[in-house]
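Undergrad: Quick one: the structure is below, questions incoming.
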Amino acid sequence: MHTHRVPGRVASGTGDCPANRAGTQVSDYVADGTERTKSMEEHAHPTGWIEALGWFSLSVAFACALVILADLFLLGRRQHMWIMNLVYPVTALYWGPVALWFYFVHGRRTSERAVE
C-alpha cells in the first residue's frame with residue numbers, strides 16, 4: 001500500500017496545524033483516498049538497542065581512524081602519495097574495521113618507509 005505523508009494537516013483535513021512539534025497530527029493519505037492520522041510522538045525516538053548500536057558503530061569507526069592516524073603520523077608510515085594520508089583515515093570513518101584491515105594489508109606496503 002502506497003502512502004503519501006502530509007505533515008501539518010489535521011485529521012479532518014480542514015486546515016494546517018501550527019509548526020511541527022510533538023503532539024501534532026500527521027495524516028497519511030492512502031492510495032484509495034482515505035487518510036489515517038498518527039501522533040508524531042509515536043516516532044520521536046529510536047529504540048534503545050538501535051541507539052546503542054549506532055553509538056557503538058561510531059566509536060569503532062573513530063577508533064579505527066585513530067589507529068590509522070597514529071600509524072601514519074606517530075609511527076612515521078606516511079604514504080608515498082600525500083592524499084592517501086587523508087583517504088585512509090576518512091575511509092575508516094564509514095568503513096570502520098574493513099578500512100583498518102585494508103590499510104594494514106595494502107596501505108602499509110605503499111608507505112614511504114616501505115617504498116624506500
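Laboratory data are not the source of any read-out in this text; all were calculated from the coordinates shown. What you see is a predicted model, and the numbers here were worked out from it, not measured in a lab. Here Cβ is always computed from backbone atoms with ideal geometry, including for glycine, and neighbour counts include all displayed protein chains.
Undergrad: Along Cα→Cβ, 7 Å out, is where each label goes; now give me the distance between the ones at Ser59 and His80 in nm to one decimal.
TA: About 3.9 nm separates the two model spin labels.
Undergrad: Suppose the chain between Val90 and Glu112 were pulled fully straight at 0.36 nm per residue; how much longer would it get relative to their current alpha carbon spacing? Can you show the working numbers first?
TA: On the way: separation 22, 0.36 × 22 = 7.92 nm, distance 1.96 nm.
Difference between extended and current length: 6.0 nm.
Undergrad: A follow-up question, please. Dipole of region 48-115, Cα-centred, from +1 at each Lys and Arg C-beta and -1 at each Asp and Glu C-beta, to the nearest 20 debye? Intermediate results must be reported in sequence, preceding the final value.
TA: Details: 5 positive and 3 negative charges, 66 e Å.
It comes to approximately 320 debye.
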